[in-house]
Structure formats: structure tokens, C-alpha cells
1. Wrap a convex hull around the Cα atoms of region 225-304, take a quarter of its surface area, and give that in square nanometres.
2. Answer rounded, prolate or oblate for region 162-202, using the Cα gyration tensor with square roots of eigenvalues a ≥ b ≥ c: rounded when a/c is under 1.5, else prolate when a/b is larger than b/c, else oblate.
3. For a quick check of your reading of the filter: which chymotrypsin sites (Phe, Trp or Tyr not before Pro) in region 234-266 sit in a DSSP loop and have no more than 16 other Cβ atoms within 10 Å?
4. Give the residue list of GluC sites (Glu not before Pro) in region 83-133 that are DSSP loop and have at most 14 other beta-carbon atoms within 10 angstrom.
5. Taking springs between alpha-carbon atoms closer than 10 angstrom, which of 45, 276, 73 fluctuates most in the Gaussian network model of the chain?
6. Report the trypsin sites (Lys or Arg not before Pro) located in region 94-203 that are in a DSSP loop and have at most 12 other Cβ atoms inside 10 Å of their Cβ, or state none.
7. Dipole magnitude of region 225-304 about its Cα centre, charges +1 at Lys/Arg Cβ and -1 at Asp/Glu Cβ only, in debye to the nearest 20?
8. Between 0 and 90 degrees, rounded to the nearest ten: what's the tilt of helix 165-178 against the longest Cα principal axis of the chain?
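Coordinate-derived values only; no laboratory data. Computed from a predicted structure; not experimentally measured. Because the Cβ atoms are built from the backbone with ideal geometry, glycine has one as well, and the counts that use them run over all protein chains shown.
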Amino acid sequence: MIEAKQLSKKFGRFQAVKNASFTINKGDIVGFLGPNGAGKTTTLRMLTGYLPPTSGTAVIAGHDVLKDPMGARKCLGYLPEHVPLYDEQRVTEYLKFRARLKGIPSKEIWNNVARVLEICDLEPVRRKMIRTLSKGYRQRVGLADALLGKPDILILDEPTNGLDPNQIRQMRERIKALTVDHTIILSTHILSEVEMMCNKVVIIDQGVIKAADTPENLTSNLRAAGKIAIEFKGDLDKVVEQFNELEHVKKVIHDSTTEDGWHFLTIRAEAGTDTRERLIEILTGLNCKVRHIHRHIPTLEEVFVEMTRKD
């Protein structure tokens, strides 16, 4: 559906994006993540044809963005981070105007507009001037614009930026509903949204693609994925010795011991393994009392931090 091939963009001497390559398949919901200034918006603008790449190219639903830009754009609906709206038009007037600009035949314009008004729940404000709308409704108008013409692919750049918690939840529900019929690229700083909605994640930092995989694969391969915390009472030296002999254990760390003899250990095991049963067997065999054992479940936030931190 989308294939970026060595996409690069320079602004003078500054290279905003460096040889970005990734593939997005039909039906994917992709979280596009990166710190501020990482190159997210520049990459999205190259995919949509708003910016020409300095080198490389992208293919959108079989259309090369350089050789067939109009064909590529017809397959795309784009919601930019800052939605450009005409404040002195009414909502319906604006959407009709945008439909004409997109080349939708005159006899199909009203059906298209009526459809997106319903999808985005804009009926209550359809006759209002855009300048009178709240931030939440302005975002809905921008999303309705992106949906005109029934594009196969939606690119949403920070769609919840500046919204209050209720508006964020409403926008998230609308985006979820759209996943049935659209391939979606979602650029956002809210990682919990990506974990809830996306089946693939692309992480960019300093213009370089650092990862492109499923959230599950990214978290399972994280260094912290095998970390296990244990609290027990018993022979500390023997426990540490036998833990260290286990196949997947990389390191055993003695964190502390309480005055009444409870030991706190952190076991660093290989990513993708779960050694809790073997640890319990050892503790039981040494007649230890156990009151806590916990395997750390990594989050997408930890993946993001590990891949983009500067230290």
C-alpha cells in the first residue's frame, strides 16, 4: 500500500530525513513516532506530495509520488497537524469547496459531504461559521476534509493535538471506527493511543528510521523485557549462586535486605524468556519463603525512550 524508498530531505545544509525506508501494508494501522524535530512531519509531507524529496521516492497504492503525484494524492486523505481552514465559510460550504478542489464530480459532491458530516458528527454545526467552532470541532472538520472522496489511506498528523481529554477520547473513537475501511498512519506523542490502536510502529529519530515492527516485537526485544523482581527470605548466597547457573539468566542483582531478613533481587534474563517457574523451583528447593515475584512487562514508552535517548 505504501513503500518509502530511501526518502531524504534537505533544507539547505540541514538534513531533516535521511534515507528513510519502510513498508505499510493494506489494512495496517501504523503509529509514526519520534521526538520533536525528528523528521515525522517532513516524512509525512513527502508521502503526501506536499514536499518533494531531495532523493529517494515513495510509492502510494502503486503510484510513484514523483512520477504520478496526482494518482498518489487521489489515494490519500491528509489531516495536517495545524488544520488550515477558511474561517469565513460555513462548515458545509467549506467541505463542498474542498470536494470540488479534489475533483469529485458535481453530482457526487453532496453525497460525499453528507457522508463525512455523519462520520465526524458535524451535523449540529454544519451551518456554523468555521471561526466560531471550538478546537475539537475544527479537528473534526479537518478529518471530514481528509475523508472526502473515500481515500484508501489516511495520514493523520497529531490529530489530538490541543484537545481536552474528552475530545481526545472522542477523536480516538472516530479513528478506531475508520480502521475498518482505511489504512491509517497516525503520528502522535500519546503512546498509549498507539498501543491501543496500532498493529505496527515506525520510530524515527534525527531523521533516521530506528525501528519498524509490531509493538509486541519491539517490546519483547527490549533490554528490560527479561527483568524479574523477587522478594524472599532464605539463604541469599545459595539462591544467587543457583540463579546464576540458569541458562537464560544474564545477571542477578542484590538490591537490598530488610532488618527482618527479606531479600530483594533483580534478575536480568534474556529478552523473550520467562524464567519465573525455574526461579520458584530453586527457592522452594532451598526452603525459602517467597512473598513477591514479578516479571516486568515493557511498554512502548520504554521502547521509545531506549531508541531515542541521547545518552
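1. If I average the Cα hull's projected area over directions, I get 5.4 nm².
2. Verdict is oblate for region 162-202.
3. 262
4. Passing sites in region 83-133 are 88.
5. 276
6. Here the sparse-neighbourhood loop sites are 127.
7. 80 debye
8. The two axes meet at around 80 degrees.
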